[in-house]
Amino acid sequence: MNGVPLGAYIGLSLFMFTTGVVGVIIRRNPIVIFMCIELMLNSVNLTFLTFARYQMASKPDDRIAMQNSMMAGQMMVIFVMAVAAAEVAVGLGIIMAIYRLRDSVDIDELNLLRG
Amino acid sequence: MNYESIWLVLLFPIVGFLIQALLGTRIEKMLGRRALGAIAVLPIVLSFVVGLLITLNTKGGPEATANIANLGKWIDAANLRIPFEFIVDPLSMTMVLIITGIGSLIHLYATGYMSEEKDYARFFTYMNLFIFSMLVLVLGANLVLLFVGWEGVGLCSYLLIGFWYKDLANAKAANKAFIVNRIGDWGLTLGLLMIVALLMKNQVGSSDGRYLSYDSMLPALRTALEHNPGMATVIGLLLFVGAAGKSAQFPLYLWLPDAMAGPTPVSALIHAATMVTSGVVLLNRMHVVFEMSPVASAIICAIGAFTALFAALIAFGQTDIKKVLAYSTVSQLGFMFIACGAGAYWAGMFHVTTHAFFKALLFLGAGAVIHAMAHNQDMRNYGNLRKYLPITFWTMILGTLAICAVGVPGVFGFAGFYSKEAILGAALANTHAQMEGIQVGQIAGWVGLGVAALTSIYMTRLTCLTFLGTEERWRNIPAADHHGHDDAHADEHHHELDANHTPKEVPPSMWFPLVVLALLSVGGGFVLANNGAFEHWLYPNELPILGKVSTEPSNIPLAMYSTIAAVGGIILGLAFYLKGLPKNQGFDESAWSPLRRLERDQFGYDHAMTVASVEGGGDIANALWKWFDNLLVDGVVEGSGKVSAGIGLLLKRFQTGYIRLYALMMLVGFVGFIGYFAYMLSQGGH
């Protein structure tokens, strides 16, 4: 389909996800960590869309089944975006609160979970 | 009345107990002490009347075993059923008549004796509860109900010994009685469990699971033990340990003398007439077991004879009038066990009966003396009391003659004469009690004959020191300082014995029981022994295994010997003590002969036992505390805590608080997890 192979989509998605994971682990700034989380979510979204498209293409005879499989993948992406938006809203609120409390948002200084 | 009315006999005392316990103090305030005393005596009298009516309709023999009144379920397990069932047979009814008959006389006496005490209601609460428990003990138709009564009387005994609990010595005596009795209960419990185990294993006895009910248990035991005399010996000896604890036999006798710390009516009722004879009742109930074990019988004979001798000797070293009677009781109980060991179970019960008459009389007489002598119990302060207490004196004389077993053979004898004669005769005439070829029974018979002489001597000593002679020794006690007139009036009731004291005869409520018991002590034996009436009433048939147990040794003129022992002992006693207190038995105890001092100290046995058990036990407990509790138990408990704490310290290092580390761990874990499953799936070929 359009000459872009499935492996390219999956490869891009993997790259984005790995970038997100590494970012979450190594960065200190919570804003950047959030961006990395978004990156991970979006890589998942990309996978969803890719598979939805390829599913549709695999059922050329049955129009209803074709539409259903496409819709399912795309709806999932809508949900993920909604959840991501909510998460950012809450997360940024927490970051604001922490900043007011400690005048800093450096992740390494927030070791309250230390045993 | 037929046997099904037996529940009435049990009902009256328990109702009396509830009234005394719940309403006693209120009744005392509203109606006075006399009314409360009457309410306490009444249930026992009613029980006696009902018991008497039932007894008139009771026959001995095989049909008696059917007289079981079932009052309902109690323990109802799959293989074992123990109902509330009560047996009406000659043995139980004999005891019922003794308990309620003597019991009502002693209750009546106690209304007078305790009239100056506080806690009048508490006293009669315990007394009525005791009567109820004792009735359960003798009437219960299975060993478990017997055990319930057994523990009930033990509890009441404990409560009544410690009645004046504010005195530490009394509380200690009560504890001692309770603890020593636990040893006996241990034996009884084990014996009981052995019987259940034996019968259940052999599948004999009751088809409906009533393994411990006498009617099914006794024939079954005979079958089960027939070819197993060793088992019979084990069960017999375990039951005897129980009997020895309750009936104060040698290794376990030492609680009974201390039990005299209780009020005198208690000593008369519980520690002389009824509770201490329950061991003899148990041996009579379970006589099948002992018939089958000559070894156990020999041991019972030996212990009985030794106890009789040992306690009679100790009685010589006592100056407390109640202590003399206490050791006399232990000694007489030894006689009963000689009879049971020799196989003459009925003779043991006969002595229980006559002993109940005369020992209750002697204790109540001693109580009257103590009452008249301002609660001073030392015979060295008495003397010439016949002048002041004529009724007490004459009744006590009759009681003394009864316990000394005075009688003219073939004509007439006091109560003890017949029972002691039967016991000694049975011991000398039978060969049942033997061990390793030694005729223990016959040795016990000869020892018993000697103890009979000793009994006469120490009882004469008691009578002489208390009632006879011309010296009124309390006159030597310096008179106490007289307080002001008002003070003297205020503690009139509790003044000390001093030279100005004048003993007064006791009130009718106290001397009336004395007179009744004196009549029983004089004529009771004669009536009951008439043509073997008591024996035929208790055991109408020959014993199942021993057959006919003779009480007349063929080649020994026992009647002559025992008369010589009884009368000779009295003459010896009079020769020693008629003139008054001998110089070498006075207040200066260092002037006593060494033997008498040994006897005073119970030959060191009590002391040794107390040291061994209390101090030795204390040392063992200390060692256990230090080594077992502190090291082992605490080690395990605290050790487990310390190990978890150590593990926690180790794991704490991983909790750095850095979010990214946690995220990394999650990632590694997740990747590992997925990898593992991917690997497994690829191996599975999917």
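The values are calculated or read from the model by the stated rules, or taken from the named source; none is laboratory data. If you're wondering where the values come from, they're calculated on a predicted model, not measured in any experiment. Here the Cβ positions follow ideal geometry from the backbone for every residue, glycine too, while neighbour counts run over all protein chains shown.
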Among the helices (runs of 4 or more DSSP H) lying completely within segment B:197-268, list those that include at least 1 residues that are modelled with pLDDT of 85 or more and of a type in the set (D, E, K, R). B:214-225, B:229-246, B:255-258
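Would you call B:Gly184 of a type outside the set (Ser, Thr, Tyr), crowded, with 19+ Cβ neighbours inside 10 Å, farther than 30 Å from B:His375 by Cα and in the same structural domain as B:Thr100 (by TED's automatic domain parsing)?
On the way: of a type outside the set (Ser, Thr, Tyr): yes; crowded, with 19+ Cβ neighbours inside 10 Å: yes; farther than 30 Å from B:His375 by Cα: yes; in the same structural domain as B:Thr100 (by TED's automatic domain parsing): yes.
Judged against the criteria, B:Gly184 is a match.
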Pick from B:Phe534, B:Phe576: which is in a helix (DSSP H, G or I) and surrounded by fewer than 17 Cβ atoms within 10 Å (Cβ to Cβ)? B:Phe576
Only residues that are among the acidic types (Asp, Glu) and more than 12 Å from chain B (Cβ to nearest Cβ): list them for segment A:80-115, please. A:Glu87, A:Asp103
Any residue in segment A:2-23 that is farther than 22 Å from B:Tyr662 by Cβ, within 14 Å of chain B (Cβ to nearest Cβ), modelled with pLDDT of 90 or more and part of a helix (DSSP H, G or I)? yes
Being modelled with pLDDT of 90 or more and within 23 Å of B:Leu145 (Cβ to Cβ), is that true of even one residue in segment B:35-44? yes
Cβ pairs under 6 Å, 6+ apart or interchain, first in segment A:47-60 and surrounded by fewer than 18 Cβ atoms within 10 Å (Cβ to Cβ), second part of a helix (DSSP H, G or I) and hydroxyl-bearing (Ser, Thr, Tyr), ordered by first then second residue, are A:Gln55/A:Ser69
Within segment A:46-63, does at least one residue satisfy the condition of being within 14 Å of chain B (Cβ to nearest Cβ) and assigned to a loop (DSSP other than H, G, I, E, B)? no
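Please verify whether A:Val77 is surrounded by 13 or more Cβ atoms within 10 Å (Cβ to Cβ) and either within 14 Å of chain B (Cβ to nearest Cβ) or under 30 Å from B:Ile647 (Cβ atoms) (or both), treating the condition exactly as stated. Don't jump to the end; show me each part of the working.
Numbers: surrounded by 13 or more Cβ atoms within 10 Å (Cβ to Cβ): yes; either within 14 Å of chain B (Cβ to nearest Cβ) or under 30 Å from B:Ile647 (Cβ atoms) (or both): no.
So A:Val77 fails the test.
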Just to be sure, is B:Leu105 buried (at least 23 other Cβ atoms within 10 Å of the Cβ) and within 27 Å of B:Ala374 (Cβ to Cβ)? yes
The residue that is farthest from A:Gly20 (Cα to Cα), considering only those in segment B:637-673 that are more than 8 Å from every other protein chain (Cβ to nearest Cβ) and among the hydroxyl-bearing types (Ser, Thr, Tyr), is B:Ser640
Check segment B:73-83 and report whether any residue there is in contact with a helix residue (DSSP H, G or I) (Cβ under 7 Å, 6 or more places away or on another chain), in a loop (DSSP other than H, G, I, E, B) and of a type in the set (Val, Ile, Thr). no
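Free of Cβ contacts under 8 Å to residues at least 40 places away in the same chain and out of contact with any strand residue (DSSP E or B) (no Cβ under 6 Å at 6 or more places or on another chain), is that true of B:Lys387?
Working: free of Cβ contacts under 8 Å to residues at least 40 places away in the same chain: yes; out of contact with any strand residue (DSSP E or B) (no Cβ under 6 Å at 6 or more places or on another chain): yes.
In short, yes.
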Give me a count of the residues in segment A:30-39 that are of a type outside the set (Val, Ile, Thr) and away from chain B (no Cβ under 12 Å). 4
It is to be established whether one or more residues within segment B:216-226 are more than 16 Å from B:Ser247 (Cα to Cα), basic (Lys, Arg) and without any contact (Cβ under 8 Å) to a residue 60 or more places away in the chain. no
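Restrict the check to segment B:184-198 and report whether at least one residue is farther than 30 Å from B:Ser157 by Cα and either touching a Phe, Trp or Tyr at 6+ places or on another chain (Cβ under 6 Å) or basic (Lys, Arg) (or both). Steps first, answer last, please.
Step one: filter segment B:184-198 for residues farther than 30 Å from B:Ser157 by Cα, giving B:197-198.
Checking which are either touching a Phe, Trp or Tyr at 6+ places or on another chain (Cβ under 6 Å) or basic (Lys, Arg) (or both) leaves us with none.
The answer is no, given that none of the residues of segment B:184-198 is farther than 30 Å from B:Ser157 by Cα and either touching a Phe, Trp or Tyr at 6+ places or on another chain (Cβ under 6 Å) or basic (Lys, Arg) (or both).
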Of a type in the set (A, V, I, L, M, F, W, C) and in contact with a strand residue (DSSP E or B) (Cβ under 9 Å, 6 or more places away or on another chain) - does that describe any residue in segment B:161-172? no
